[in-house]
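The block underneath contains the structure these notes are about, expressed in structure tokens.
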Amino acid sequence: MEGLSGKMKNINFVRYMTQFHIFACVETWGIKHSDFQLAGYTVYNKTKEKASKYGHASSGISVFIKDSILKKNSCVVSAQCSDAMWIKLSHPFKLVSNYI
């Protein structure tokens, strides 16, 4: 992606991404406390603490989940290592075998 901040200002990018209920971006180049916001979504970020020798942060993961999904599901986020993020959504109702 080579930096998410600039792309979040591009209306065509935002319009395309908001077609999805859940989407992830990698190589966001966000630094600690980067605040990528998108109306109607909750974002989970995994960023580096310092910029690279090239003047920008390296790596970075941002996962956007539509707020309407989070209203119906519980969400557990784990980001214990610097290069991965686990997200588990749990629906409050059990699946009915007819729908499996």
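The values are calculated or read from the model by the stated rules, or taken from the named source; none is laboratory data. The structure displayed is predicted, hence computed values, not measured ones. So basically every Cβ, Gly included, is an ideal-geometry build from the backbone, and we count neighbours across all protein chains shown.
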message: For the structure I just gave you, tell me whether LYS48 is more than 12 Å from the chain's Cα centre (by Cα) and modelled with pLDDT of 80 or more.
response: no
query: Is it the case that GLY30 is modelled with pLDDT of 75 or more, of a type outside the set (Asp, Glu), surrounded by 14 or more Cβ atoms within 10 Å (Cβ to Cβ) and under 25 Å from LYS88 (Cα atoms)?
result: no
- prompt: Counting only residues that are polar (S, T, N, Q) and more than 16 Å from GLY30 (Cβ to Cβ), which one in region 57-100 is modelled with the lowest pLDDT?
  reply: ASN98
statement: Residues in region 63-76 that are in a strand (DSSP E or B) and surrounded by 13 or more Cβ atoms within 10 Å (Cβ to Cβ) total 5
task: Please state which one of TYR41, TYR16, TYR54 is among the aromatic types (Phe, Trp, Tyr) and modelled with pLDDT under 70.
output: TYR54
message: I'm checking my understanding of the structure. Among residues of region 8-31 that are β-branched (Val, Ile, Thr) and within 21 Å of LEU70 (Cβ to Cβ), which one is nearest to the chain's Cα centre (by Cα)?
response: ILE22
